[in-house]
Amino acid sequence: MRFGRTPEQTAFADALDDLLGAADIPAVARSWTDGNPALGLSLWQRLAELGVAGLLVPEEYDGSGASPVDLTVAFERLGYHGAPGPWVESVAVLPGLLTQADEAKLLAGVASGENVATLAVQLMTPRALDADVADHVFVLTTTSALHRAEPGDRHESVDATRHLFDLTPTEQIATVDTRQPLDLGTLACSAQLLGAGSRLLHDTVAYAKQRHQFGKPIGAQQAVKHLLADVRVALDFAAPLVHNAAVELEAGAPAAARSVSAAKVAAGDAAYLASRTALQVHGAIGYTREFDLSLWILKVRALVGAWGTPAEHRARILESLVATVGEGV
């Protein structure tokens, strides 16, 4: 099994860093929070031109037909830079569902970035993210029926960039196999968490180098070094689990679902540790919404519980392991 990125994937990540690094994401995120999505939608279109929006859309529908590993490369960078919007829903989950529904025209629009789509999954993510800016809104019911939907009441998230909406199902368009699309959504969320955790660590290390107390940078203190090292270790242990889950999903491995859950738990724990450490090292300034660090801290807090809570994924891991042991007896 190959655990390194290919040259093409490295170049793709570099291109995303160049685009997102020049985009002033904090300004985009705050504008999105305030209900002004123009900057975010412009960024969405530019990312679509790099192929992000159509990663999992089949080639016959003008997409890339890319692999789950390619998906994690993109979502790690989206998480690192904090891009707002229903990326998981539109890019990771809906292509697999809409392909089964034979929605060729809609899939082509998603791939081109012309259409932004979102959905709710009744037993997993019961409210739809950013349904106010999406061109197409869907709900996946408990019977695996995919419906178009109408947005209802809006609810606030701890991450102010995430606008959550109740949905009313309308037209049913297909009954679908949900297993791989939902696992791809969980995988993409895990990669986002990994990227966000890496950004928090990067910014905290930079702060520890330039913040001085008693004539020395606080990063020179052994206690601070240990805190940051613990985060580095947690992220470095989570990254291979995310990559392995992507490889197993692509191969259709029997334990792929368990690997996805393991990746989500590990990436969530590592990113949450990064956020707590960032807050501790930054001190009081880390609590202020005006400080950009808060955008990533709050995003991590929201994503830890998105696409399955840690308890739900740990339960799925346990269930899979017990079943495996039972089969071997």
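Laboratory data are not the source of any read-out in this text; all were calculated from the coordinates shown. Predicted model only: the values in this text are computed from it and were never measured. Here the Cβ positions follow ideal geometry from the backbone for every residue, glycine too, while neighbour counts run over all protein chains shown.
The residue among PRO169, ALA74, VAL88 whose Cα reaches farthest toward the positive pole of the charge dipole of segment 7-177, with charges on the beta-carbon of Lys, Arg, Asp and Glu, is PRO169.
A Förster radius of 35 Å, combined with the Cβ-Cβ distance separating ARG276 from THR10, puts the computed FRET efficiency at roughly 0.70. Seen against the Cα atoms of the chain and their longest principal axis, helix 179-210 is set at about 20 degrees. Sorting the segments 309-315, 220-226, 297-303 by their residues' average number of neighbouring beta-carbon atoms within 10 angstrom, most packed first, yields 297-303, 309-315, 220-226.
Of the beta bridges DSSP finds with both residues in segment 7-177, what % are antiparallel, to the nearest 5? Intermediate values should be presented prior to the final figure.
Working: 15 of 20 bridges.
That works out to approximately 75 percent antiparallel.
Helix 222-251 and the longest principal axis of the C-alpha atoms of the chain enclose an angle of approximately 20°.
Label segment 7-177 by shape, choosing from rounded, prolate and oblate, from the square roots a ≥ b ≥ c of the eigenvalues of the Cα gyration tensor; if a/c is under 1.5 it is rounded, and otherwise prolate applies when a/b is larger than b/c, oblate when it is not. Please list the in-between numbers first.
Values: a/c = 1.96, a/b = 1.19, b/c = 1.65.
Oblate.
Of all DSSP-defined beta bridges confined to the chain, some 75% are antiparallel rather than parallel.
Express in nm, to one decimal, how much length is gained between LYS216 and ARG148 on full extension, taking 0.36 nm for each residue of separation and deducting their alpha carbon distance. That works out to 18.6 nm of additional length.
Taking a sphere under 12 Å around the Cβ of ALA48 and counting the other residues whose Cβ falls inside, with K and R at +1 and D and E at -1, yields a net charge of -2. Sequence-ordered 3J(HN,Hα) estimates for segment 121-127 from the Karplus curve with 6.51, -1.76 and 1.60 and θ = phi - 60° stand at 10, 4, 9, 10, 10, x, 10 Hz, glycine and proline given as x. Over all other residues within a Cβ to Cβ distance under 11 Å of TYR61, the charged ones net out to -4, with Lys and Arg as +1 and Asp and Glu as -1.
Tell me, what is the FRET efficiency for VAL158 and ALA223 to the nearest 0.05, using R0 = 45 angstrom and their Cβ-Cβ distance as r?
Details: r = 28 Å, r/R0 = 0.63.
With R0 = 45 Å, the Cβ-Cβ based efficiency is 0.95.
Could you compute the net charge surrounding ALA174? Neighbours are other residues with a C-beta less than 13 Å from the C-beta of ALA174; K and R count +1, D and E count -1. Net charge in that neighbourhood comes out at -3. Taking the average, over residues, of other Cβ atoms within 10 Å as the packing measure, peptides 78-89, 185-196 rank 185-196, 78-89 from highest down.
Relative protection proxy for 35-42, 126-133, 51-58, from highest mean packing down: 51-58, 126-133, 35-42 (other beta-carbon atoms within 10 angstrom). Of the GluC sites (Glu not before Pro) found in segment 187-294, the ones in coil according to DSSP and having at most 14 other Cβ atoms within 10 Å of their Cβ are GLU290.
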